[in-house]
Structure formats: structure tokens, C-alpha cells
Amino acid sequence: MKAAKKVLFVYTHWQSFVREDFNLILSFATISKLNFNLQKSFVGFFLGQLKGIFNLLVKVPQNDVVYIWFCDYHAFWAVLIAKIFNRKSVIVVGGFDAVKIPSIHYGLFIKDNLRTKLAKWAYKNSDKIIAVDQSLIKGENKYAGTDAVTGVANFVENIENKSQVIPTGYDESKWQMQSKKKQVLTIALIKDQKVFNRKGIDLYLEVAKRLSETNFYIIGLQDEKLIPQHLQGLKNVHILPIVPQEELINFYAETKVYCQFSVSEGLPNVLCEAMMSGCIPVGSSANGIPLAIGDCGYVLEEKNITKATKLVELALNAKNEKSHCARQRIQQLFPKNNRIKRLKELIEKL
């Protein structure tokens with residue numbers, strides 16, 4: 001019997017989907033983690049780089065595979081040091097690190113600078129690239145505008161052969177359905193104007209304004225001052241902080257409609273969790289959103305308030321079969337065991 005691979009798990013932020021990947025790999029490999037802190041201040045950034053490089057020099061030789069979430073400065077150092085010590089490296093594309101969207105000034109490749117050059121080098125010299133949706137390898141996103149460019153292969157040549165789509169996976173026993181209330185929900189950690197715009201919260205609020213008899217919930221908006229003045233104070237809009245997961249499970253379970261009007265995404269976890277809970281999805285045509293929705297909800301092809309409002313009305317008035325369809329679609333397309341199996345195969349072959 002072959003010994004379990006030793007994996008160094010490199011990350012910058014301990015988000016829920018990053019933590020979930022760590023736990024999945026833990027089920028079949030010996031794994032340790034390394035937080036590479038990318039601070040924004042000059043001194044903090046410089047010291048963070050030095051600390052991260054030192055930790056990589058210590059830990060990379062102790063492992064077989066370096067598994068890196070997102071491609072940024074930390075990925076450059078991780079891939080470089082992996083090559084120096086003849087170790088294998090895997091980069092997991094997150095979304096920001098695969099796009100250029102001028103309309104909202106978003107994406108790693110929005111500028112051509114040292115940061116993008118280092119990222120390109122990391123992609124080109126890594127052993128494997130993983131994405132949750134094909135659009136992050138090579139695709140298009142017309143919803144974001146005609147000048148939007150989506151997919152690592154549109155920025156870095158000759159990486160498609162080593163790239164692999166492994167969707168995120170969801171545990172059907174965790175997400176439950178209940179009797180549905182005719183209410184609408186969206187969830188995102190919204191800390192600044194850029195995230196507000198990218199997540200399409202302005203469009204969500206415009207729809208809420210027109211459907212004033214329906215309750216709309218936003219979970220995760222940290223500053224209500226980000227809301228445009230003409231959309232502030234809507235009586236049917238309820239803003240909540242990020243809630244504990246137990247509470248979130250119940251919120252999904254009793255909500256009839258979930259909206260994801262993002263301008264750019266990968267395969268949104270919150271959308272898939274909502275659908276697994278029987279929420280009828282309404283979402284933009286960006287990246288992996290239409291794949292998740294399929295024929296179990298409604299896809300908005302362009303940012304248009306009237307069309308978005310109509311789709312939300314259709315979802316609110318849809319029969320219960322749509323809720324069951326949404327749950328079954330995620331169960332069939334994105335089971336948790338599939339990601340475990342495919343990650344295990346990939347890592348064990350390196």
C-alpha cells in the first residue's frame with residue numbers, strides 16, 4: 001500500500017470554501033497548512049512576503065505536493081520554491097485570478113504589471129491548474145460586457161493541457177428543504193463598493209423596489225452606506241450580518257427564491273447551497289451560474305431591471321416542482337464525493 005501523499009496547503013484567506021477543500025484533502029492525504037498573509041500596506045506587504053517565503057522554504061521540502069488556493073504573489077513564491085526542491089505544485093483558480101472586467105475594474109489581469117507577470121509565471125510553471133468551472137480556464141462572459149475577458153488560457157499560453165475542471169461538491173445531508181416562504185434571498189460578504197457592484201446588489205435592490213410586497217433579504221452587507229441613495233430605506237429589504245451556519249441552513253430551507261446577479265463568479269457556493277436547499281434560483285449568465293441553474297430556475301442574459309423583475313416574479317409564483325428540481329440538479333451535478341474522488345486521483349498521480 002502506497003503511503004499517503006504529504007500536501008502543503010497554501011492560502012491567503014481562510015474562507016469557507018478554502019476550509020472545505022482542506023478538509024476534503026485531509027480525508028485522503030497527510031496535510032499541513034500555510035497562511036501566506038498578503039497585507040495591503042507597504043511595510044505589512046513586505047514583511048508578509050518575507051515571512052511567507054521563509055515558511056515555504058521550511059515546509060515545502062517536507063511535503064510532496066504544494067496545493068495553492070488562488071494565483072497571486074504567494075502562488076509565485078510557492079511554485080518557484082516547489083520547483084527548486086523538485087516538488088509538485090497545484091494552483092486552484094478562484095475567479096479574480098482568471099478575469100479582466102473593465103466595466104467594474106475587476107480582475108487580476110486588469111493591469112499589466114509585476115503582479116500579473118508573476119501570476120502568469122506561476123500558472124505557466126505549476127504542474128496542475130484546477131478550476132471549479134470551465135469558464136475560468138477558457139470561456140466568455142457576455143453579461144460583464146463585450147470587453148470582458150474570462151479564463152486563464154486567454155492570458156497564459158499552453159496551459160489548457162494541464163488544466164482540469166473539478167467542481168465544488170455539496171453534502172445533501174447538510175442542506176435541507178422546508179415549507180417555503182415567498183421571500184427572496186442573496187448572500188455575499190460585501191465590504192466595499194467593488195464587491196457591492198460585482199455581486200449585483202444594485203440590481204437586486206432595484207428588483208426589490210419594484211416588488212414592494214415581497215420581503216428581500218441580504219446577508220453579509222457590512223455597510224448600508226454602500227447602497228445608492230434612491231434605494232436606501234426600502235421597507236421590504238432586510239439586511240443581516242453574516243450569520244452562523246446553523247442559522248444559514250434554516251434561512252435557505254425556508255426561502256423560496258435565491259438571486260445571484262453577479263457580474264463575475266466561478267461556481268458560486270451560496271447559489272449551489274441555496275439550490276440544494278430547494279431555493280428556486282434566479283441568476284445572471286456570468287461564468288458558472290447558468291450551469292448551476294440549468295432548467296431549474298431563471299437566467300438573466302443582460303443586466304436589465306425590467307427583465308430581472310419579471311424573472312423573480314416567475315420564480316416566486318413557480319410550483320413546488322421547481323424547488324425539487326433545483327435540489328436534484330445540485331445533487332446530481334456537484335456531489336461532494338465527486339470532488340473528493342477527483343482531487344485524490346489528481347494528487348496521487350503527481
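Here, each number is a calculation from the coordinates, and none is a lab measurement. Since this is a predicted model, take the numbers as computed values, not measurements. Backbone-built Cβ (ideal geometry, glycine too); neighbour counts: all protein chains shown.
Expressed in whole Å with the largest first, what are the equivalent ellipsoid semi-axes of the chain derived from the C-alpha gyration tensor as the square root of 5 times each eigenvalue? Mind showing how you got there, number by number?
Working: eigenvalues 253, 103, 66 Å².
So the equivalent ellipsoid measures 36, 23, 18 Å along its semi-axes.
If one takes the longest principal axis of the Cα atoms in the chain, at what angle in degrees, from 0 to 90 and to the nearest 10, does the Cα axis of helix 305-316 lie? With rounding to tens, the tilt is 80 degrees. Rounded to the nearest 10 degrees, the angle from helix 16-26 to the longest Cα principal axis of the chain is 50 degrees. If I build a Gaussian network model for the chain, linking alpha-carbon pairs within less than 10 angstrom, which residue out of Ala29, Ala253, Ala274 has the largest mean-square fluctuation? Between Ala29, Ala253, Ala274, it is Ala29 that shows the largest mean-square fluctuation.
Sorting the segments 257-263, 97-103 by their residues' average number of neighbouring beta-carbon atoms within 10 angstrom, most packed first, yields 257-263, 97-103.
Dividing the alpha-carbon Rg of segment 220-350 by 2.2 N^0.38 Å yields what?
Values: Rg = 16.6 Å, N = 131, 2.2 N^0.38 = 14.0 Å.
Dividing the Cα radius of gyration by 2.2 N^0.38 Å gives 1.18.
Working note: 222 nm ellipticity from helices only, DSSP H runs with n ≥ 4, each -39,500 (n - 2.57), summed and divided by the residues of the chain, gives -11500 deg cm²/dmol to the nearest 500. In terms of surrounding Cβ atoms within a 10 Å radius of their Cβ, Trp77, Trp14 rank from fewest to most as Trp14, Trp77.
Considering only the chain, what is the antiparallel percent among its DSSP beta bridges, to the nearest 5? For the chain, the DSSP antiparallel bridge percentage is about 10. Here Lys310, Lys303 are placed in order of increasing Cβ neighbour count within 10 Å, fewest first, which gives Lys310, Lys303. Highest GNM mean-square fluctuation among Ile81, Ile227, Ile166, for the chain modelled with Cα contacts below 10 Å: Ile227. Would you mind checking the tilt of helix 114-125 against the longest principal axis of the Cα atoms of the chain, expressed as 0 to 90 degrees and rounded to 10? The angle comes out near 70 degrees. Dipole magnitude for segment 172-333: about 260 debye, using +1 per Lys or Arg Cβ and -1 per Asp or Glu Cβ, origin at the Cα centre.
Give the relative contact order (percent, whole number) for the chain; include only Cα pairs under 8 Å separated by 6+ residues. Mind showing how you got there, number by number?
Working: 700 pairs, mean separation 49.6, N = 350.
Relative contact order of the chain: 14 percent.
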